[in-house]
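The values are calculated or read from the model by the stated rules, or taken from the named source; none is laboratory data. Keep in mind that what you see is a predicted model, and the values were worked out from it rather than measured. FYI the Cβ positions are ideal-geometry reconstructions off the backbone, even for glycines, and counts take in every protein chain you see.
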Amino acid sequence: MLRKLFAALTLATFALVGVGAEPALAAVETTYNPVIDVVSDRTPNGGLGPRIGGAIRQLAEENQAQLVKDSIDKAFHLAGQFGQYNVIMINLANHYVEQLNNKVLYANIRWDGIYYGLWVFDDGRFENQGKGGYENWGMVGWFDRPGNAGVVNFHRP
Amino acid sequence: MGILSRKMTAAVVGAAIVGGVVLPSASAMAAPVQHSVPTSTAGAKGIGVDAFSHVLDITKTILDAIEAANKIKENRPGYVKSLLEAAFNDQQLHENYNVMVINTGNKFNFDLNNVVYDAIAHDSGYPDFHIYVFESGRFENQGHGGYENWAFKGWFDRPGNAGVVNFHKKG
């Protein structure tokens, strides 16, 4: 937010001193850190939650697609220390049908005002009825996705 | 900063947002440069600003403000479902209970059995939402629908995809 404000102020200052009618706005990289709440964690001694929480909190992301890719990657590899689990993450503003089995972890992730859900689980079916693309959802594990469409059938390795 | 703030306030006051499009009002047209052709600047997703004068060009700032407000609106279904999934997936509940999340501004009535959690969530960006976690029962939403107003998860039938939902105990 501060960087954005600074960019806006810089732009206004150029205009004020009359450098040009249409001052060039320098590209400003704005990154946001996700906020994660681990809602449930059924791994032995609850060991996975703090690890995933810690890893995802440290991500400083410029865009939604990168956030989703990095989050599912971290979650999948950390979950791999506890077993062989599938991972899915979706923008909760999407319509979806979740029919997953043996969910060992669920977390809410908020990034730049956007709400995502993250599941770590054994198998099952998940249907995304909304927008696609990495900015809206991503998954890692063992699955088939007929026609590269919205339905994903997850299975054990 | 003081000048900027005042200018921005004046511009915002002088604009009316209608369906996501900013229309300059009469006061906005009374800007210093007369009879000038407005400079139209389009932002993302159909929003835009018609600037009639730019001694100071703060269009970008105004666009950012509109975009931020739109984003809050767009993300509201996500906010509602983050409450829903938090309640449904909570560690202590073991996914054994139905969950209803509804805008407290909606008119609704219910007859629920074994309510194990009952709360109202506050967030300055959104209306208040009531959260009910329960075993079974009937819930009727008499107000607006859509995920921006209510969301539920569990074991239920919903005749005609209408406002009445009959929840069953997890089988």
Any chance A:Leu105 is within 11 Å of another protein chain (Cβ to nearest Cβ), crowded, with 19+ Cβ neighbours inside 10 Å and of a type outside the set (Ser, Thr, Tyr): yes
All positions within the stretch B:116-136 that are over 14 Å from B:Glu148 (Cα atoms) and among the aromatic types (Phe, Trp, Tyr): B:Tyr117, B:Tyr132, B:Phe134
Considering residues of the stretch B:66-76 that are facing chain A (nearest Cβ under 10 Å) and either at positive phi or in contact (Cβ under 8 Å) with a residue 24 or more places away in the chain (or both) only, the residue surrounded by the fewest Cβ atoms within 10 Å (Cβ to Cβ): B:Ile72
Qualifying positions in the stretch B:70-103 - of a type in the set (Asp, Glu) and either over 16 Å from B:Glu148 (Cα atoms) or under 12 Å from the mean Cα position of the chain (by Cα) (or both): B:Glu74, B:Asp90, B:Glu95
Residues located in the stretch B:77-127, provided they are small (Gly, Ala, Ser), over 25 Å from A:Leu100 (Cα atoms) and without any contact (Cβ under 8 Å) to a residue 24 or more places away in the chain: B:Ala119, B:Ser124
Out of A:Phe126, A:Phe121, A:Phe143, sole residue that is surrounded by 14 or more Cβ atoms within 10 Å (Cβ to Cβ), out of contact with any Leu (no Cβ under 7 Å at 6 or more places or on another chain) and of a type in the set (Phe, Trp, Tyr): A:Phe143
Matching strands (runs of 3 or more DSSP E) fully within the stretch B:74-171 where at least 3 residues are modelled with pLDDT of 95 or more and not aromatic (Phe, Trp, Tyr): B:98-103, B:108-123, B:126-141, B:164-167
Pair list, Cβ under 7 Å, 6 or more apart: the stretch A:44-64 residue in a helix (DSSP H, G or I), other residue among the hydroxyl-bearing types (Ser, Thr, Tyr): A:Ile56/A:Ser71
B:Gly146 vs. criteria farther than 24 Å from A:Asn101 by Cα and surrounded by fewer than 18 Cβ atoms within 10 Å (Cβ to Cβ): yes
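Every residue, every condition in (1) within 13 Å of chain B (Cβ to nearest Cβ); (2) closer than 30 Å to B:Leu56 by Cβ; (3) surrounded by 20 or more Cβ atoms within 10 Å (Cβ to Cβ); (4) at pLDDT 95 or above, yes or no:
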site	(1), (2), (3), (4)
A:Leu5	yes, yes, no, no
A:Thr13	yes, yes, no, no
A:Val19	yes, yes, no, no
A:Gly46	yes, no, no, no
A:Asp70	no, no, no, yes
A:Gly80	no, no, no, yes
Qualifying residues in the stretch B:88-106 (those that are within 9 Å of another protein chain (Cβ to nearest Cβ) and buried (at least 20 other Cβ atoms within 10 Å of the Cβ)) - the one nearest to B:Gly154 (Cα to Cα): B:Phe88
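Which ones in the stretch A:82-102 are of a type in the set (A, V, I, L, M) and at the interface with chain B (Cβ under 10 Å from one of its Cβ atoms)? Working first, answer last.
Here is the first cut: in the stretch A:82-102, the residues of a type in the set (A, V, I, L, M) are A:87-90, A:92-93, A:97, A:100.
A:Ile90, A:Leu92, A:Ala93, listed by residue number.
Filter the stretch A:110-120 for residues that are in a strand (DSSP E or B) and facing chain B (nearest Cβ under 9 Å); which is farthest from the chain's Cα centre (by Cα)?
Filtering first and then ranking leaves A:Trp119.
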Evaluation of B:Ser82 against (1) under 30 Å from B:Ile47 (Cα atoms); (2) at the interface with another protein chain (Cβ under 9 Å from one of its Cβ atoms); (3) surrounded by fewer than 17 Cβ atoms within 10 Å (Cβ to Cβ) (one fails), failing number: (3)
